[in-house]
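Nothing in this text is a laboratory measurement; each read-out follows from the coordinates by a stated rule. What you see is a predicted model; the values in this text were computed from it and never measured. Reconstructed Cβ throughout: ideal geometry from the backbone, glycine too, with neighbour counts over all protein chains shown.
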């Protein structure tokens with residue numbers, strides 16, 4: 001596995017653990033619908049949440065935001081709509097981002113709820 005894949009997997013593991021600490025249940029990891037991929041789909045009593053995870057060894061915060069463009073946003077919306085229909089889920093949805101900074105002595109997780117609203 002390439003180093004960037006290992007970094008991404010480690011970041012998703014940390015993001016998943018963070019969300020579980022907040023009371024979310026992980027429903028899917030790396031959910032695919034055609035060419036669309038959603039890193040995590042999680043659920044709590046209020047929401048089904050599609051989560052984009054960005055992991056970096058070192059990068060300014062703005063780098064994370066620039067890494068998620070209009071195409072990714074549109075594909076996340078389409079992917080979550082498919083997921084909801086497939087499983088007959090009618091719960092309210094939300095789109096979050098989790099940024100994982102891996103360059104320091106210990107990783108830092110920044111959770112951004114409602115990263116975008118479709």
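Label reach from residue 13 (point 7 Å along Cα→C-beta): in the range 91-118, amide nitrogens under 17 Å belong to 100-109.
Residue separation times 0.36 nm, minus the C-alpha to C-alpha distance between residue 116 and residue 57: what's the value? Walk me through the numbers on the way to the answer.
Values: separation 59, 0.36 × 59 = 21.24 nm, distance 2.42 nm.
That works out to 18.8 nm of additional length.
Among beta bridges identified by DSSP and lying wholly in the chain, the antiparallel ones come to about 60 percent.
Could you rank the peptides 48-54, 93-99 by their average count of other C-beta atoms within 10 Å per residue, with the highest value first? Write down the numbers at each step before the final one.
On the way: 48-54: 23.7, 93-99: 21.3.
Result, highest mean first: 48-54, 93-99.
Rounded to the nearest 500, the 222 nm mean residue ellipticity of the chain from helices alone is -12000 deg cm²/dmol, with -39,500 (n - 2.57) taken per DSSP H run of at least 4 residues. Each peptide in 69-81, 11-23 gets a packing score, the mean of other Cβ atoms within 10 Å over its residues, and the list from highest to lowest is 11-23, 69-81.
The C-alpha atoms of the chain define a longest principal axis, and helix 70-87 lies at about 50 degrees to it.
Rounded if a/c is under 1.5, else prolate if a/b beats b/c, else oblate: with a ≥ b ≥ c from the C-alpha gyration tensor eigenvalues square-rooted, which is the chain?
prolate
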